[in-house]
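The values are calculated or read from the model by the stated rules, or taken from the named source; none is laboratory data. Quick caveat, the model's predicted, so the values are computed rather than measured. So basically every Cβ, Gly included, is an ideal-geometry build from the backbone, and we count neighbours across all protein chains shown. What goes into the accessible areas is simple: the full protein's heavy atoms, side chains included, and nothing from ligands, DNA or RNA. Shrake-Rupley method; radii C 1.70, N 1.55, O 1.52, S 1.80 Å.
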Amino acid sequence: MSARVLMDGIAFGESPRWHDGRLWFSDWGAHQVIAVDDDGRHEVVATVESFPMCIDFLPDGRLLVVDSARRRLLRREPDGSLVAHADLGGFSEHPWNDIVVTAGGDAYVNGIGFDFPGGEFAPGLVVRVTPDGRVDHVAGGLAFPNGMAVTADGATLIVAESYANRLTAFPIEDDGTLGDRRVWADTPGDHPDGICVDAEGAVWYADVGRQHCVRVREGGEVLAAIDFGRGAFACALSRGADPQLYVVGQDFTDPPSPEPTGRLVAYPAPAPGAGRP
């Protein structure tokens, strides 16, 4: 499968999102949110001194940023200023991770549940943040919750459980709470990280250790796989004609490389993105 490198020299790329005709992502290492067009031209749109710092967008286009360092959710206003959107500190003191926003403006944010790396494992959680900033605990008992996505019909939240080698689904109730979980797909041998949903109902997930992205149906049938050649942390799909799968990642070695190894790559995709993000 042909690939186009859109950007090199990324310190620690994560959380890609297709928005308003460009690919947005977070460089956790540089503490920047960056937007990239299809020719590789890029700009820094926000700076947040946090690690992690995943992103998504409210229905009106305003950017939300998970400021894990301060255990809060930030909102970027039209003038470029960053303001507090919600306080997450009352629900977990451990790192906050991914975010996905529904078409109605509810944001689901997950927390790892323990200090990573080096901390003793404990289960993670998901909270729901309403458009007015109220925070409710909606799910727990997750084995390192990572990437999240909402299906095109808005009815299901899918969470990558990295330590359980699976994608887990929750029905989204009318009031925004989550119903009983089910296994959406087992991913034997893989530790799914960032995910996205396509218009055919399949999910792409990135895997750091095996350095690839995999497309699966509900139930676990593997439809395609892409070798990324370095740790694949997350992926996103464009909309419309000529769909592209964008993958961001870097070498993940100990000790780390003294030079940035992060890369954003675009691959032709069989179907465009759907749902959220």
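Assorted remarks:
- Rg and Dmax [Cα atoms of region 109-174; Å; Rg one decimal, Dmax integer]: 12.5, 39
- The fraction of accessible area contributed by carbon and sulfur in the chain is 48 percent, rounded to a whole number (1.4 Å probe; ligands and nucleic acids excluded).
- Per residue, the accessible area of the chain comes to 40 Å² when a 1.4 Å probe rolls over the protein heavy atoms.
- Distance cut-off 17 Å, percentage of C-alpha pairs in region 77-118 lying past it: 48 percent
- Magnitude of the charge dipole, the chain, Cβ model with Lys/Arg +1 and Asp/Glu -1, debye to 20: 100 debye
- Dimensionless Rg over Rh [region 22-61; C-alpha; Kirkwood]: 0.98
- Dipole-positive endmost among F252, G220, A241 within region 207-274 (Cβ charges, Cα centre): A241
- The C-alpha atoms of region 1-112 occupy a region whose extents along the principal axes are 45, 29, 28 Å, arranged from largest to smallest.
- Two-decimal Rg/Rh across the chain, once Rg and the Kirkwood Rh are taken from alpha-carbon atoms: 0.92
- Of the three principal axes defined by the Cα atoms of region 167-277, the extents in descending order read 49, 34, 27 Å.
- Mean Cβ count within 10 Å, highest first, over the residues of peptides 82-92, 65-75, 205-215: 205-215, 65-75, 82-92
- Net charge dipole size for region 1-84 [Lys, Arg +1 and Asp, Glu -1 on Cβ; Debye, nearest 20]: 300 debye
- Tail weight of P(r) past 17 Å, computed on alpha-carbon pairs of region 156-212, percent: 39 percent
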